[in-house]
Amino acid sequence: MEREEPRPVDTLMHGLRVVRKYWLVVAGVTVAAGAGAFAFTSTLPKIYEAETLLEFDPDVIKPLGNKADPIVGWSAIWDTREYYETQYRIMQSDRVLSAVVRDLRLEKDKGFTGSKSDEGISSESAIAILRSRLIIEPVKGSRLVLIKIQDPRPAEARRLSDTVARTYIQQNLDKMVNATGDTVVWLSSQLDHFKQELEQTENALHEFKKKNDLPSSTIEDLSKMIRLEMQEFDSALSRTRLKRSELAARSAELAKITADNPDQIPASELLSNAFLSGLRVQYQSASRERAELTAEGKGQTHPAVRKADEKLGLARSQLLGEIKNIQAAIARDVAVVEKQESSESALYENARKKAVELNLKELEFHRLDRLRAQNEKLYAVLLEQTKEADLRRLMNTNNIRLVDAAKEPHSPIAPRVGHNVAIAMLAAVVIGIAAALVRDQLDNTLKTPDDIEQRLGLAFLGLLPQIADEHAPASAARRVPRRLRRSASSGSAAGAMAPELCVHDKPTSAIAEAARAIRTNLTFMNPDKPLRRLLVTSAAPSEGKTTVAVSIAISLAQGGHRVCIVDGDLRRPRLHRIFGRSGDRGLTHVIVGEASIEDVAQPTAVPNLSCIPCGAIPPNSADVLSSARFRQVLDAIGDHFDRVVIDSPPVVAVTDSAIVSTLVDGVVFVVRAFGTSASLSRGGLRALRDVDAPLTGAVLNAVDFDRIEYSNYQLAYYKREGYASHDSTHPDAVETAGAAVSS
Ligand SMILES: Nc1ncnc2c1ncn2[C@@H]1O[C@H](COP(=O)(O)OP(=O)(O)OP(=O)(O)O)[C@@H](O)[C@H]1O
Ligand SMILES: [Mg+2]
């Protein structure tokens, strides 16, 4: 038979039921856990925490970095982050902590180390202790960090936090000063070097100037001077040359004048020389006079003509003489000018040579001057940087600042009693509920009518409640669980009532009601063909086969049937003791033919009920039960009685029950509530189903109505003593009980 998947709501309800079932345990454990946590936490030493607040300025981290950092964007952020992380590590570093340990002599501080000896502990151990109490907590979204120290002594916590912070700040400052100091040293050495270089280049320049006889003025001025000189010489020379060519031209013009035409004198000469022009006028007038005389017709020999000729000749010779004088003067001028020209040209040449020489010197001069200028510049830069670095060293710039000094804490941060108790209780509740659920899951026993139907696939015939304690003698069976232990063997022998006879002894009891309900179900299960032979069996020992068999038999007898209960448990027979009879003679004797049914079937205290005990216990019970003789005996018993109820041994342990089950009309399978596991019951059922046993249904035995699992079943009727009619045979009573169970 397939099992239905449980609905989530059912699972939840089941879970709640389980919790309800174990709530007292869970509550107890929770309270105990809370109390334990309280007691434990109270014994813990009090821990105080002091904190110091520091601020970082990540920009001032480079010794010479007074210019803006060119790295921007993510890389800058990353760099900053890296910087912070580095600082957090440094705060916890051996360098800082060892300085703190050394300064405060912590290795000898008993209160700090917890050691009792005067020797103290090693400084490494002291550092490790200090580190374990140190918490570096960056303040989110800021450039602040908290240095926290935990210590059992509040004043000490404050002192440690303060010292760690101050030591770290001081070391950071030292580091920066050292870095600047190193820079200063390096810069100074470089400065010396460049100073020498500068001096050398300056000397070289000076030497050069001296050697080349350069004036103190710059070489540019000198070259300018030479250029001017050259220009002057050049223009003077040009002028002289012009003058010479002018003289040459005059001389050439004068040379053209002949004795025939002495008056053909260039106008320029005439203009500049009045005497010459006077002579020319005399010559021309003499010439005109003679021409006039000739024109008058006077001959060569005419005295007037001759006189005129003489006058003309004188005038001509005077004019030519003057021209000669002028030519001679020009020739002299030319000689002077030529001399001047050659001297001027020599001067010019000299100046040109000087200029070329200066040009060459200028190149070298400039080279040396450039070198000097470079060195001078470098030196100036270095000098500036050195001064700056030196200044910074003197200024003690620190980029880490103490914002809030540590204060002495007033209340401890640990132990947190309320917190710990709450956590312990919460954990106990969770673990308790989980354990309850696990336990419930691990508990594979069959408990409810639903279990019978769903997990075993059997019809539920009814239940037998847990028989109350007053029926149980002191020697309760040890095999059954404590809460299920009830009277075991000697029922009526000790005078106490056998619990199995409760159905008879107390007809209004819950167990009697339940037995009647089972009887009703058996009756109505197959109304046309009544189950005349019933076998009562179960999977395991002590599940209550005998008790159920007796209860059913009594109930059937009370119903007016002639009933015989046969002890088919040939291994551990018990029926005779329940009915207070001797077990000397019984079923086995009838089977071997040593007795008749009438001999062994003796009436009991219950009207209509006879009992056939087991008799002698045979060594081979299975053989006996599978014999044809047993079948005949069973038939014969059936002839004597309306109903035969056979008790039997457990079906898993031995095959007896399986053998007998083939000879009966119905098999009642007993399951002990909270006692029999589903797997064991299934094993027993498999053995019965293998032989095609007529399985009628199952009876749930030893049901404790008070259990939470039955809260959903309306079993209250059973609990109400005296509900059923005293006349147990009354059909109404029977039906009421049956209906109560089936609901
Ligand atoms: N409903 C019940 N209420 C209280 N005690 C019970 C109940 N059913 C059985 N017992 C007790 O459990 C013990 C075992 O019961 P019983 O002998 O009926 O089981 P069994 O299955 O016949 O055992 P065995 O396998 O030994 O034959 C007995 O002490 C009996 O009194
Ligand atoms: Mg038994």
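The values are calculated or read from the model by the stated rules, or taken from the named source; none is laboratory data. All figures in this text were calculated on a predicted structure; none of them were measured in a lab. Reconstructed Cβ throughout: ideal geometry from the backbone, glycine too, with neighbour counts over all protein chains shown. Remember, those area values only see protein heavy atoms, side chains included, never the ligands or the DNA or RNA. Shrake-Rupley method; radii C 1.70, N 1.55, O 1.52, S 1.80 Å.
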Query - Where the chain is the region considered: accessible area per residue in Å², 1.4 Å probe - result: 54 Å²
Report task. Treating cross-link reach as a plain straight distance, find the lysines whose alpha-carbon is under 24 Å from the alpha-carbon of Lys209, omitting any fewer than eight places away in the same chain. Result -> Lys195, Lys224, Lys353, Lys354, Lys361, Lys377
Report summary line: Interchain or sequence-distant (5+) residues whose placed amide H lies within less than 5 Å of the amide H of Val139 are Leu144, Val145, Leu146
**Report entry** Nearby lysines by direct alpha-carbon distance to Lys311 (threshold 29 angstrom, same-chain neighbours under 8 apart not counted)
**Finding:** Lys256, Lys298, Lys324
Query raised in the report: Measuring from label point to label point, each 7 Å out along Cα→Cβ, what is the Lys195 to Leu383 span in nm?
Result: 1.0 nm
Report summary line: Non-local residues with an amide H under 5 Å from the amide H of Gln602, with H modelled 1.01 Å from N and Pro and chain starts lacking one, are Cys611
Query raised in the report: So what is the relative contact order for the chain, in percent, with contacts set as C-alpha pairs under 8 Å and at least six apart?
Result: 16 percent
Report summary line: Normalised per residue, the volume inside the convex hull of the alpha-carbon atoms of the chain in Å³ amounts to 456 Å³
**Report entry** Amide N of the stretch 43-57 lying under 20 Å from the label point, which is placed 7 angstrom from the Cα of Val403 along Cα→Cβ
**Finding:** 49-57
Query - Contour excess over end-to-end distance, with Cα ends at Met395 and Ala267 and 0.36 nm allotted per residue - result: 36.4 nm
Report summary line: Rounded to the nearest 5, the percent of antiparallel DSSP beta bridges in the chain equals 45 percent
**Report entry** Calculated FRET efficiency for the pair Asp234/Asp260, C-beta based, R₀ 41 Å, to 0.05
**Finding:** 0.35
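Measure off, as a whole percent, the carbon and sulfur share of the 1.4 Å-probe accessible area of the chain, all protein chains present.
Here carbon and sulfur together make up 55 percent of the probe-accessible area.
May I ask you to list the trypsin sites (Lys or Arg not before Pro) in the stretch 587-651 that are in a DSSP loop and have at most 13 other Cβ atoms within 10 Å of their Cβ?
For trypsin sites (Lys or Arg not before Pro) across the stretch 587-651 that sit outside H, G, I, E and B with at most 13 neighbouring Cβ atoms in 10 Å, the list is empty.
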Query - Separation of the Ile431 and Glu453 label points, Cα + 7 Å toward Cβ, nm - result: 4.1 nm
Query - Largest-first ellipsoid semi-axes for the stretch 291-410, taking √(5λ) over the Cα gyration tensor eigenvalues, angstrom - result: 109, 20, 8
Query raised in the report: lysines near Lys21 by alpha-carbon distance under 21 Å, same-chain residues fewer than 8 away left out - which ones?
Result: Lys447, Lys719
Query raised in the report: Taking the Cα centre of the stretch 202-343 as the origin and placing charges on Cβ (Lys, Arg +1; Asp, Glu -1), which of Ala286, Ile323, Thr240 is farthest toward the positive end of the dipole?
Result: Ala286
Report task. Rounded to the nearest 500, what is the 222 nm mean residue ellipticity of the chain from helices alone, with -39500 (n - 2.57) per DSSP H run of 4+ residues and division by all residues? Result -> -19000 deg cm²/dmol
Requested in this report: Might you report the magnitude of the Cβ-based charge dipole of the stretch 316-473 about its Cα centre, with Lys and Arg at +1 and Asp and Glu at -1, to the nearest 20 debye?
Outcome: 1640 debye
Query raised in the report: Taking a point 7 angstrom from the Cα of Phe40 along the C-beta vector, which residues in the stretch 427-446 have backbone N less than 17 Å away?
Result: 427-432
Query raised in the report: Label Lys140 and Ser342 with points 7 Å out from Cα along Cα→Cβ: what is the distance between them in nm?
Result: 10.8 nm
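Assuming R0 = 51 Å, what is the FRET efficiency of Tyr84 and His14, from their Cβ-Cβ distance, to the nearest 0.05?
Efficiency for this residue pair is about 0.35.
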Query - Dipole magnitude of the chain about its Cα centre (Cβ charges: Lys, Arg +1; Asp, Glu -1), debye to nearest 20 - result: 620 debye
Requested in this report: Quick one: go through the stretch 20-44 and flag any residue whose amide nitrogen is under 14 Å from the point 7 Å out along the Cα-to-Cβ line of Val417.
Outcome: 35-44
